[in-house]
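Only one structure is covered here, and it is reproduced in the block below.
The values are calculated or read from the model by the stated rules, or taken from the named source; none is laboratory data. For clarity, every value in this text was computed on a predicted model and none was experimentally measured. When we count neighbours, we look across all protein chains shown, and the Cβ atoms used for this are built from the backbone with ideal geometry, even at glycine. Ligands, DNA and RNA are excluded from the accessible area calculation, which covers all protein heavy atoms including side chains. Shrake-Rupley method; radii C 1.70, N 1.55, O 1.52, S 1.80 Å.
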Amino acid sequence: MLTRILFAALLVVTASLNAAEKWRMQYYYDKDDSSISFVDIQCPSARRCVAAGVQEEGKHVKGVVVVTSDGGASWQIVEVKEHPVSLFFLNENKGWMVTDHGIWQTEETGRTWKKLKDEKDLQRVYFLDESRGWAIGAPKLVLETKDAGRTWAPLDAAEKAPTAPETTVYHWATFDGQRGVIIGAWTLPRNPRDLPDWMVPERARYRHQYPTVTILLQTADGGKTWTQISTSLEGTVTRFRYGAAGWGLALFEYPNSSELSSEVFKMDLGVKNTRVYGDKSRAIRDLALLSGGDVILAAIERHGKSNDLPIPGKLKMMRSGSLETWIDMDVDYRAVATRASIAAVDPRNVWVATDTGMILKLTQ
């Protein structure tokens, strides 16, 4: 009897939480013969957000950012000269954009940009302050600046990883105070003649994951010194976000796995890992740790067995305060995507942008 009462109470609490919070559409680029695919979103404050991506109009493709200065009540499109790859903001005004041809900087929250550096194959930048920062990418590349991007020098620790440069990419960087991590991966190259898995689903179903070596560059002194760890893992760590007391959450993606396309682990960078989420029907694309301790996941509903099918699925948003029980949140029915990125300022100001031209905000 007591068990039934507790279970009923849990259902009531879950229903009330779902009813109270909803992901509402704030921006939707929906025009004939034109589309926008957002690759990243950053919100340095509750008022200001920038989403970056590419706009396609027929055969013409150009870079764009979409900006707001009123918490998402209105958004404006700003054209940029190159195709965005990722964003990073240090404060409400100053930010950087990695493009397919270099690094750009803004001091007006994305409304104007100036180029800092020409460089292809970069993935991200991370700045500790206005002077010190790192740019990461391929081939096996980590660059450091100590003078606000005027000059850049290779990071020796990144070059010492025991992997081939032509197949090694550093793709994620984050800090929490003085501790920080840069994550890279080496993957056995595929035969260029291979068709994508979504065109040959039976092959993907019975093939093991391609071997992946994960490279972790770690610092405990704000980037003055780095240690390097290389380990063979199944899948690629595409996201890592620091939590409290020395642990963090890592998103593993498995592009060629037949069972799970992704999993989320609570980990302390290789010493002990505990899986906290995995669902065969959903592909996790991003995660956010809120200041109050809750975690939000952005996922896409999968189609069939293949993990790289280029057909948008329903956007699924989940929340947990325990990392054991996950609650599905109410999401605008129009929200579909293949990729999604989360930007969280605080528990009351969280956004998600999709590669289908949508920006949604968590509202109560």
### Query
Just for the Cα atoms in the stretch 291-364, what are the lengths along the principal axes, largest first, rounded to whole Å?
36, 28, 18
### Query
How large is log10 I(q)/I(0) at q = 0.09, 0.13 Å⁻¹ when the Debye formula is applied to the Cα atoms of the stretch 213-360, each weighted equally and without solvent?
-0.29, -0.61
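Quick check: residue separation of His303 and Ala46 times 0.36 nm, minus the Cα distance between them. What number comes out in nm? Can you show the working numbers first?
Numbers: separation 257, 0.36 × 257 = 92.52 nm, distance 3.49 nm.
89.0 nm is the gain from fully extending His303 to Ala46.
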### Message
So, for the chain, what is the accessible surface per residue at a probe of 1.4 Å, expressed in square angstrom?
### Response
47
### Task
Taking 7 Å along the Cα-to-C-beta vector as the label spot, tell me the Glu166-Ser34 distance in nanometres, rounded to one decimal.
4.2
### Leading residue at positive end of dipole, the stretch 242-364 (Cβ point charges), from Ala299, Trp326, Thr356
Thr356
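How much net charge surrounds Ile284 when only other residues with a Cβ under 13 Å from its Cβ are counted (Lys, Arg +1; Asp, Glu -1)?
Working: positive: Arg239, Arg241, Arg275, Lys280, Arg282, Arg285, Arg302, Lys316, Arg339; negative: Glu253, Glu263, Asp279, Asp286, Glu301.
Its environment carries a net charge of +4.
Please give the contour-minus-distance gain from Ile311 to Asp268: 0.36 nm per residue of separation, less the Cα-Cα distance, rounded to one decimal in nm.
Working: separation 43, 0.36 × 43 = 15.48 nm, distance 3.48 nm.
Extra length from Ile311 to Asp268 when fully extended: 12.0 nm.
Please give the calculated 222 nm ellipticity per residue for the chain, where each DSSP H segment of at least 4 residues contributes -39500 (n - 2.57) and the sum is spread over every residue; nearest 500 deg cm²/dmol? Mind showing how you got there, number by number?
Values: 3 runs with 29 residues, N = 364.
Calculated at 222 nm, the ellipticity per residue is -2500 deg cm²/dmol.
Once you keep just the Cα pairs under 8 angstrom separated by 6 or more residues, what percentage relative contact order results for the chain?
Numbers: 929 pairs, mean separation 53.7, N = 364.
Normalised by residue count, the contact order of the chain is 15 percent.
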## Note on the structure
Taking 84-90, 73-79 and ranking on average Cβ neighbours within 10 Å, highest first, one gets 84-90, 73-79
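Tell me whether the stretch 71-197 comes out rounded, prolate or oblate; compute the Cα gyration tensor, take square roots of the eigenvalues as a ≥ b ≥ c, and use a/c under 1.5 as the rounded threshold.
Taking the square roots of the gyration eigenvalues as a ≥ b ≥ c, the stretch 71-197 is oblate.
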### Task
Taking 7 Å along the Cα-to-C-beta vector as the label spot, tell me the Thr227-Arg132 distance in nanometres, rounded to one decimal.
1.9
### Task
Run the 1.4 Å probe and let me know the accessible area of Ser232, rounded to the nearest 10 Å².
90
### Summary
Here the residues of the stretch 318-336 lying in the modelled label zone of Met25, meaning backbone nitrogen under 20 Å from a point 7 Å along Cα-to-Cβ, are 318, 329-336
### Summary
Excluding ligands, DNA and RNA, the carbon-plus-sulfur percentage of the accessible area of the stretch 277-331 with a 1.4 Å probe reads 46
### Message
Could you tell me the extents of the chain's C-alpha atoms along the three principal axes, largest first, rounded to whole Å?
### Response
67, 45, 45
### Query
Of Ala335, Ala185, Ala153, which is the most mobile in a GNM of the chain whose springs link Cα atoms less than 10 angstrom apart?
Ala153
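Apply 1/(1 + (r/R0)^6) to the Cβ-Cβ distance of Glu234 and Lys280, taking R0 = 25 Å, and write down the FRET efficiency to the nearest 0.05. Kindly include the intermediate steps, with their values, before the conclusion.
Working: r = 16 Å, r/R0 = 0.63.
Once rounded, the FRET efficiency stands at 0.95.
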